[in-house]
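Take a look at the structure below.
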Amino acid sequence: MGTSLDMAQGKLSVVATPIGNLEDITLRALRTLKACNVIYAEDTRVISKLLARYEIKKPLQRLDAATEVKKADDILARLEAGEHIALVTDAGTPGISDPGARLVAQVRKRLSGATIEAIPGPSALTTALSIAGVDTTGFTFMGFLPHKKGRQTALGKIAAMVRSDSPQGGIPVVLYESPHRILKLLRELNALEISRVIVARELTKIHEEVIAGTPDEMLAHFSARPDTVRGEFVVIIEAR
Ligand code: SAM
């Protein structure tokens, strides 16, 4: 955090945005997006829809996973000049399976005088957990599983973590998944003899759906209604 002596070194606001429903934005997020000098966005077209809805006009710059490190120098220079920069991603909280963490690390390391503030708001992770009905005293978030290398190892870790005789006593695991791989993931969880999963789809959107059961039951559900294998998914693997 900045101190009163070095406040001239600018401010980086890391702003959470809606995960579907454009009304899910805080008053503070709107005020920040209106007040900043520039918005760095994962995809400027996506954020433009939100800005148009709230009649916010701001210079936009792209900052995605591929450019996050390369553009850090530009952002550091702007912060050093005292600018107020807002960082947003396409949906939810930056840095959660999204760009942001590497930029924040650079600013912390190289510009200790700059203020870094979080403007908290939605995340698919907390949104899904809040309506899953699982014990969240402890949980593990693993984001997207690796597609190829390391996938089997990750699945093995999941199986171990949810077991009641694991060192932690069994804790739920939360994953993000795309529609292209959801069936593959459910088949893999079925092979691990996972007893119960909760699948949260299209949270905060018109087709929001939360279903629970064995991976096999989930597979049966999606084969009966293939039209629902679309959108965005959070998968919670319940502890035994
Ligand atoms: N930073 C975001 C957050 O805070 O949730 C996550 C970004 S990650 C690239 C996108 C993934 O989040 C999707 O593939 C899906 O797994 C999950 N996700 C995002 N929005 C969602 C929604 N409305 N319903 C269900 N899952 C969602």
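The values are calculated or read from the model by the stated rules, or taken from the named source; none is laboratory data. Owing to the predicted nature of the structure, the values given are computational and were not obtained by experimental measurement. Cβ placement follows ideal geometry from the backbone for every residue including glycine, while neighbour counts extend to all protein chains displayed. Side chains included, ligands, DNA and RNA excluded: accessible areas come from the protein's heavy atoms. Shrake-Rupley method; radii C 1.70, N 1.55, O 1.52, S 1.80 Å.
Quick notes on this one:
- Taking N as the residue count of segment 169-209, its C-alpha radius of gyration divided by 2.2 N^0.38 Å amounts to 1.31.
- Translational diffusion of segment 117-236 was estimated from the Stokes-Einstein equation, with Rh taken as the Kirkwood radius over Cα pairs; at 10 °C and 1.306 mPa s the coefficient is 107 µm²/s.
- Fraction of accessible area attributable to carbon and sulfur, segment 4-121 (%, probe 1.4 Å): 51
- Cβ-defined net charge surrounding LEU63, 13 Å radius [Lys, Arg +1; Asp, Glu -1]: -3
- Distance from segment 197-237 to segment 55-132 (C-alpha centre basis), Å: 30
- The peptide list 156-165, 140-149, put in order of mean Cβ contacts within 10 Å with the highest first, becomes 156-165, 140-149.
- Contact order relative to length of the chain, as percent, for alpha carbon pairs under 8 angstrom and 6 or more apart: 22
- Using C-alpha pairs below 8 Å separated by at least 6 residues, the relative contact order for segment 125-237 is 29 percent.
- Solvent-accessible heavy-atom area per residue, rounded to whole Å², over the chain at 1.4 Å: 51
- Rounded accessible area of SER223 (nearest 10 Å², 1.4 Å probe): 80
- When the listed pairs LYS11/LYS205; LYS184/LYS205; LYS109/LYS157; LYS71/LYS184; LYS34/LYS70 are checked against a 30 Å cut-off, the alpha-carbon distance exceeds it for LYS11/LYS205; LYS109/LYS157; LYS71/LYS184.
- Sum of -39500 (n - 2.57) over DSSP H runs of 4+, divided by residues of the chain (222 nm, nearest 500): -9500 deg cm²/dmol
- Here is the P(r) of segment 4-121: all C-alpha pair distances, binned every 5 Å from 0, give 2, 12, 25, 27, 19, 10, 4, 1, 0 in whole percents.
- Kyte-Doolittle mean at least 0.0, axial Cα span of 15 Å or more - DSSP H helices of the chain: 151-162
- Rounded to the nearest 20 debye, dipole of segment 4-121 from Cβ charges on Lys, Arg, Asp, Glu: 180
- Binned Cα-Cα distance frequencies in the chain - 5 Å width, integer %: 1, 6, 13, 16, 15, 13, 12, 10, 7, 4, 1, 0, 0
- Net length gained if the chain between VAL69 and ASP165 were fully extended (0.36 nm per residue, minus Cα distance): 30.4 nm
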